[in-house]
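Notes for the one structure printed next.
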Amino acid sequence: MGLPSWLLSPRLWDFLVDGVVSTLIILTIVWAERKIAARVQMRVGPFHVSPRLGGYLQLVADAIRFVMQEVIITADSYRVLFVALPPLFVALALTPSFLVPLSPHLALLSRPALHYGILMGIAILFYTFIMVVGIGWAVNNRFAYIGAAREALIITAYEIPVATAFADMFMIYKTIDPIEIVAKQMYIVGAIYNPAAFIVYIIGVAMATSRFPFEIADYEGDVATGPYSDFSSIFLALTYAGGIYIALFSYSLLGALVFLGGWAPITPGPWPADIWGNLAAAAFLLFKTFVLMLFFVFLRSVMPVARLDHALSFSWRWVLTLGVIATAIAATEYFVL
Amino acid sequence: MGLKMEQYGLVLKEVEAGPGGKKTLELLFGPQHPSSGHIRFFVEVDGDIIVDIRPDPGFVHRTMEKLGETRHFIMNVPLFERLSLPDAINVTWAYSMAVERMLGYDVSERAEYLRTLFGEMSRISVHLYDLALHAIMIGSSTGFMYGFGLRDLLVNLWAIATGARTTPTWVLPGGVRRAPPKVFYERLAGFLDFLERKMDEFYRLVVKNPVGYYRLKDVGHLSKEEAAAYLATGPGARGSGIDWDARRDMPYGVYKQVEWEVKVHDEGDSLARTLVRIEEVKESAKIIRQLLKIMPMDGPLIGHNAAHKIPPKDREFLNEQVRMSGYYVTTTNLAEGTGLTEGGRGRYFFQVFGSGTERLFRVRISTPSWQNLRAFMKATIGARLMDLPAIYGSFGFFPPEADR
Amino acid sequence: MAGQKLGEAIKAVLDVIGLGLKYTIKPERLTIYYPYEAPDYMGRIRGWIGLWTERCTSCMICARICPTNAIKMYLEKNGRRYPGIDYGRCIMCHYCIDACPTYALYPTEIRDFAFYKHEDMIYTPDMMRKPPQVPKLVPEVVKVVHEYRNGKVVKLRVGKLEEPKPLPPAPSVPVVES
Ligand code: SF4
Ligand code: SF4
């Protein structure tokens, strides 16, 4: 081929594919969330901006509006963190998706580091929501404080089950290497190996990314939008209206790798030779991610919000129990398989 | 970083209570809050528990009672229906009843049937409104859209019957203003079927759903004694086991001709109040179905005494429409009248004093939301902060109605 | 906490998810796409008010019964006073129409009108024959109604929304010459 070799670098392609497709997926998922909710709620949802596309461009219009809005930094907020934390939040939320491979040969990292890709991703994702607590503090508003305190409580409640779910799967696969994990799921996906862990993962991610019914930190009913209540314009887009979806994307990508078999049935050849195969694998993985995200945003249309103490006790009591069951299943499979 | 605690931190309020005292956080809930409506509550929370709540009403006070003294009594009808637009018919019905008793007007039979029919529609409308807002307060946007979507169909039916979607100005002293067309009755029957099916889904989505169930269950408890002591009314009282409904206990309209029951729940929590609402919607549908069978389809729309004042050429189409000219020349008596109806949120009570001129000397209005406010505060103490919307919505508090 | 049992709760959750999926696939919509469609009230909704000056006797009943004092009586060249309505105050109660002894006021069902300036809202008697022109957003507006069949809502199209026409000439009535 006549292309210079740097143009064919798998790192560049991984970066491009991940960057572009994640943006597209996040836009689509916000649109889909509105459309699904509208369909369940006997209405139409976004429509007038681009009726032919079903109102898809509404998202672009909203994004433009967010960017063009006046930036308001309230007088008694802590300015440094108020400005610094939203971009940090987005950056941390997006990083994990760059740490994992999109196909056996398409990855930003190379071997020894790639081996720990999923682990690093989970660790970073757990840090991401500490930013929310920081945001709540920086905003310096009573509702934001309460929201931040709730976020802190929820972080403690979901972290352990989610970590357990992933650890169980690592135990079943006997490896933490993402590529080998996918290779092990060639015929049976992880969610079938260990359904309990999958359910724990679903509930944990719903709590982590404030999906319904756990939209508690930013519950409109009593704390307005919680930590984000004084944010406007681009900051709101970075956190409440965008950042959380990015975190959801990262969580779903990890979930798709570990529980849904990644690019499983597709086994592309080595990178420069089989470009299309690798891209197809990446597309299939991102499609699975998209489906997972669809489920998370679908919950909005059927669920109210749970109460804080119920959510916490639910997580500590039931989800953790389920996590223990998942561990038992994983241990059994560890010795049987 | 040299930050002062007052600047960056929770400013806590010290309360002298017990040996050590305690520190509480005061939250200003409303009037710009997503779920407060036009009222402000000073909520004091100790941790997650609400220890005190003080209301600050009056943001939408419009001096209804005083305005009612400054104009012809017939001009009060569009004014008073703005007390509670979702419940427009029941409000104006209570006012009209008061004026009828003051003037000694009779109500024609057809008008009684029509008023009962529309009063029940009004109850459905207000219950849908409250259930919808309650649903969004506990976070279910689907419940919100269900309520308002269904109510939109209902107000469209109102529009073809009365001439306006939400401001019917339809009940007049002596009768009603306008007869609904045939197609209204046909669509109404179909609408009820659709409504019942959707209410069932609403129940599954919001109330039976464990998330919603535990938001409502055992929160905002109001015992029967407390509900009576704090003068709760409507679903607020019936959810606490008080078996009182003005439709049955102070009969008006044609409620005696139809079979229905008063729905009472004994638990006294938010769930009970919500269930009372949902079941009352079904009862109302039942009443309307029976009324559709037995109501007279023809006849004058206003009673004899009111029709007497209408000029003869306008009297010809009294079966279709009532013209105002008769009311314009009517003056009030030196008498007094009271009207009482059971609206969706509780009982509406009007007392009017005539002055001998066209204006009333005094109008007294008692609205259910204002009564329920005290019961709501009582129910809220000791609840968690996240329960506040769940309790607030379950009383269906409507600030414009409370502030008058 | 006496309440739902675990099995019941799980069943209820699955039930709502099923309900949501059902409507995601096969939605049941009520929406009226407003600028393209408009609900049809069969001419029974209270809207803009026209006036036949030749029928008006200047009795001022309409101005006095108006609950919002929206009607002002304007002195015309012939020395008589005719009503003009301030649509900034009018609440469309149609008391004025129903009170007019000579049927000089004329009800219409025109509801969607908007004004750019407050002065435009004040209609003087000579303007009260010509309905307000609604700026057209789309070439044709379809009128729809919601009908109910077998417990389902169906949206039916019942013709096009017409341009508001000027009032027809007044039917013959005892006209009071000035
Ligand atoms: S419709 Fe009602 S508010 Fe409008 S001008 Fe006539 S009487 Fe006044
Ligand atoms: S429009 Fe009718 S009510 Fe008004 S002044 Fe003329 S005749 Fe009288």
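For the range B:181-198, how many residues are open to solvent by less than 10 Å² (accessible area, probe 1.4 Å) and touching a Leu at 6+ places or on another chain (Cβ under 8 Å)? The number of residues fulfilling the criteria is 6.
If you filter the range A:178-202 down to residues that are modelled with pLDDT of 85 or more and touching a Leu at 6+ places or on another chain (Cβ under 8 Å), you find that the one that is nearest to A:A123 (Cα to Cα) is A:V200. Taken together, C:A12, C:A63 contain a single residue that is within 12 Å of another protein chain (Cβ to nearest Cβ) and in contact with a strand residue (DSSP E or B) (Cβ under 6 Å, 6 or more places away or on another chain), which is C:A63.
Confirm whether B:G139 is surrounded by 23 or more Cβ atoms within 10 Å (Cβ to Cβ), out of contact with any helix residue (DSSP H, G or I) (no Cβ under 9 Å at 6 or more places or on another chain) and at the interface with another protein chain (Cβ under 10 Å from one of its Cβ atoms). So B:G139 does not fit the description; no. Evaluating C:E147 against the criteria (1) more than 30 Å from B:V183 (Cα to Cα); (2) facing chain B (nearest Cβ under 10 Å); (3) more than 16 Å from ligand 2 (Cβ to nearest atom) leaves one unmet condition, (1). Please determine whether any residue of the range B:166-187 is in a helix (DSSP H, G or I) and more than 10 Å from chain C (Cβ to nearest Cβ). Checked against the condition, which is being in a helix (DSSP H, G or I) and more than 10 Å from chain C (Cβ to nearest Cβ), the range B:166-187 yields at least one hit. For the range C:82-98, which residues satisfy the criterion of being touching a Cys at 6+ places or on another chain (Cβ under 9 Å) and more than 10 Å from ligand 1 (Cβ to nearest atom)? Correct list: C:Y82 only. Here C:V154 clears all of (1) within 14 Å of chain B (Cβ to nearest Cβ); (2) away from ligand 1 (no atom under 16 Å from the Cβ); (3) touching a residue at least 12 places away in the same chain (Cβ under 8 Å) except the condition numbered (3).
Out of A:P104, A:P46, which single residue is buried (at least 21 other Cβ atoms within 10 Å of the Cβ), at pLDDT 85 or above and more than 14 Å from chain B (Cβ to nearest Cβ)? Checking each option against the conditions leaves just A:P46. When B:A306, B:A237 are checked against the criterion of being more than 22 Å from the chain's Cα centre (by Cα) and more than 22 Å from A:G221 (Cβ to Cβ), B:A306 stands alone in meeting it. Note on the range C:95-108: residues that are within 9 Å of chain B (Cβ to nearest Cβ) and of a type outside the set (F, W, Y) amount to 7.
Here is a yes/no grid of residues against (1) of a type in the set (D, E, K, R); (2) within 20 Å of A:I154 (Cβ to Cβ); (3) open to solvent by less than 40 Å² (accessible area, probe 1.4 Å):
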{"residue": "A:S301", "(1), (2), (3)": "no, no, yes"}
{"residue": "A:V305", "(1), (2), (3)": "no, yes, yes"}
{"residue": "A:W316", "(1), (2), (3)": "no, yes, no"}
{"residue": "A:L322", "(1), (2), (3)": "no, yes, no"}
{"residue": "A:T332", "(1), (2), (3)": "no, no, no"}
{"residue": "A:F335", "(1), (2), (3)": "no, no, no"}
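Matching residues to (1) part of a loop (DSSP other than H, G, I, E, B); (2) more than 14 Å from chain C (Cβ to nearest Cβ); (3) surrounded by fewer than 19 Cβ atoms within 10 Å (Cβ to Cβ):
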| residue | (1), (2), (3) |
| --- | --- |
| B:E26 | no, yes, yes |
| B:F41 | no, yes, no |
| B:I50 | no, yes, no |
| B:H61 | yes, yes, yes |
| B:I74 | no, no, no |
| B:P78 | no, no, no |
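Screening B:P55 against (1) within 13 Å of chain C (Cβ to nearest Cβ); (2) part of a strand (DSSP E or B) leaves a single unmet condition, (1).
Against the conditions (1) open to solvent by less than 40 Å² (accessible area, probe 1.4 Å); (2) closer than 26 Å to B:I138 by Cβ, A:V258 satisfies every one except (2). Here C:M121, C:M92, C:M128 are screened, and the one residue that is in contact (Cβ under 8 Å) with a residue 12 or more places away in the chain and facing chain B (nearest Cβ under 10 Å) is C:M92.
The values are calculated or read from the model by the stated rules, or taken from the named source; none is laboratory data. Only a predicted model underlies this, so the values are computations on that prediction, with no experimental measurement involved. Cβ atoms come from the backbone with ideal geometry, glycine included; neighbour counts cover every protein chain shown. The area values use the complete protein model at the heavy-atom level, side chains included, leaving out ligands, DNA and RNA. Shrake-Rupley method; radii C 1.70, N 1.55, O 1.52, S 1.80 Å.
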